[in-house]
1. Looking for whichever is over 24 Å from VAL46 (Cα atoms), assigned to a helix (DSSP H, G or I) and touching a Lys or Arg at 6+ places or on another chain (Cβ under 8 Å) here; the options are GLU167, GLU268. Which one fits?
2. In region 38-59, what residues are within 12 Å of the ligand (Cβ to nearest atom) and either open to solvent by less than 60 Å² (accessible area, probe 1.4 Å) or assigned to a helix (DSSP H, G or I) (or both)?
3. Within the bounds of region 107-118, is there any residue that is in contact with a Lys or Arg (Cβ under 6 Å, 6 or more places away or on another chain), assigned to a helix (DSSP H, G or I), open to solvent by less than 10 Å² (accessible area, probe 1.4 Å) and within 16 Å of the ligand (Cβ to nearest atom)?
4. Which ones in region 129-152 are free of Cβ contacts under 8 Å to residues at least 60 places away in the same chain, open to solvent by 10 Å² or more (accessible area, probe 1.4 Å) and over 15 Å from LYS190 (Cβ atoms)?
5. Quick one: what pairs do we get from region 213-227, first residue farther than 24 Å from ASN243 by Cβ, second open to solvent by 30 Å² or more (accessible area, probe 1.4 Å) and within 14 Å of the ligand (Cβ to nearest atom), C-beta under 7 Å, 6+ apart or different chains?
6. Collect the residues in region 240-262 that are surrounded by fewer than 11 Cβ atoms within 10 Å (Cβ to Cβ) and part of a loop (DSSP other than H, G, I, E, B), keeping them in residue-number order.
7. Let me confirm something: among GLY228, GLY232, which residue is in a loop (DSSP other than H, G, I, E, B), open to solvent by less than 20 Å² (accessible area, probe 1.4 Å) and away from the ligand (no atom under 15 Å from the Cβ)?
8. With the checklist (1) over 14 Å from GLU122 (Cα atoms); (2) assigned to a helix (DSSP H, G or I) in hand, flag the one item VAL220 doesn't pass.
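The values are calculated or read from the model by the stated rules, or taken from the named source; none is laboratory data. Since the model is a prediction, treat every value here as computed from it, not as a measurement. Heads up, the Cβs are rebuilt from the backbone with ideal geometry, glycines too, and the neighbour counts pull from every protein chain shown. SASA here: full protein model, heavy atoms, side chains in, ligands and nucleic acids out. Shrake-Rupley method; radii C 1.70, N 1.55, O 1.52, S 1.80 Å.
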Amino acid sequence: MSVHVQNSRMTTAKLRQMKAEGEKIAMLTSYDFTLANLVDEAGVDVILVGDSASNVVCGNQYTLPITVEEMIFLTKGVVRAAKHALVVCDMPFGSYQVSEEEAVRNAIKILKESGCDAVKLEGGEEILPAIRHMVQAGVPVMGHLGLTPQSVNQFGGYGLRAKEEAEAAKLLHDAKLLDEAGCFSIVLEKIPAALAKKVTESVSCPVIGIGAGNACDGQVLVLHDMLGLTEGFKPKFLRHFANLANEVKGAVGTYVAAVKDSSFPNAEESY
Ligand code: KIV
């Protein structure tokens, strides 16, 4: 039996190699086939189907409501688009906190049903047993420390994390534990750049930052934010690489006007 393997696909081993060679890792979110196709073609290394889909796609205030089934549905489209990038699916709130057994079962369900390459989950020492079980079961796991949006109700907001010494020390400790447990990568969200640098230098796996400064092994942003589609959201760490909200509104406004004044469709656009 011959099995066709696309060797241009990103792998967790290649990501580790990129860290070792000092090549930065570019990661973005995507939630659907069409945009994931463009993101993949443009050369992104890792596509995250983030539970930020809860906000961006579903319009919820928090990431908490999105379900395993909804994440699988979105991830399937992204997987069909990704020819090069490694596809990571976020494990939603409630799918890995109850017990290690349930966490492994949900991780395997996500991997099998969506076809993604890996899962991401938020937290440190408190979810270590779940991470160990997943890794033992053969599930590639990406960690996520710092501002972990699923804990927004505990944090009381989306402010900078680990600015005090005790929380910074716990974060560094947690990162080392995740690394030792076999996480293939760790996301650090909204923490001081100096702490992110220390973590990046202290762990063997690649560290991907969002609002964590320039010393990380790579960067991640929410696609809709960096494209300037999410109006009114402009934290300090976010750079708008385009201003698509204006483009979309301009194009739609022009379309509406053309329909109203009967200039669309014209003779060439008709059969
Ligand atoms: O859900 C998400 O989009 C994320 C990124 C912000 C890292 O977790």
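1. On the way: GLU268 fails: touching a Lys or Arg at 6+ places or on another chain (Cβ under 8 Å).
Checking each option against the conditions leaves just GLU167.
2. Within region 38-59, VAL46, ILE47, LEU48, VAL49, GLY50, ASP51, SER52, ALA53, SER54, ASN55, VAL56 meet the criteria.
3. Kept after step one, since they are in contact with a Lys or Arg (Cβ under 6 Å, 6 or more places away or on another chain), are these residues of region 107-118: 114.
Remaining after also requiring assigned to a helix (DSSP H, G or I): 114.
Now narrow it down to the ones that are open to solvent by less than 10 Å² (accessible area, probe 1.4 Å): 114.
Now drop any that are not within 16 Å of the ligand (Cβ to nearest atom), which leaves 114.
Yes, some residue in region 107-118 is in contact with a Lys or Arg (Cβ under 6 Å, 6 or more places away or on another chain), assigned to a helix (DSSP H, G or I), open to solvent by less than 10 Å² (accessible area, probe 1.4 Å) and within 16 Å of the ligand (Cβ to nearest atom).
4. PRO129, ARG132, HIS133, VAL135, GLN136, ALA137, GLY138
5. The qualifying pairs are GLY218/ALA26.
6. The answer is ASP261, SER262.
7. Numbers: GLY232 fails: open to solvent by less than 20 Å² (accessible area, probe 1.4 Å).
On inspection, the qualifying residue turns out to be GLY228.
8. Answer for VAL220: the failing condition is (2).
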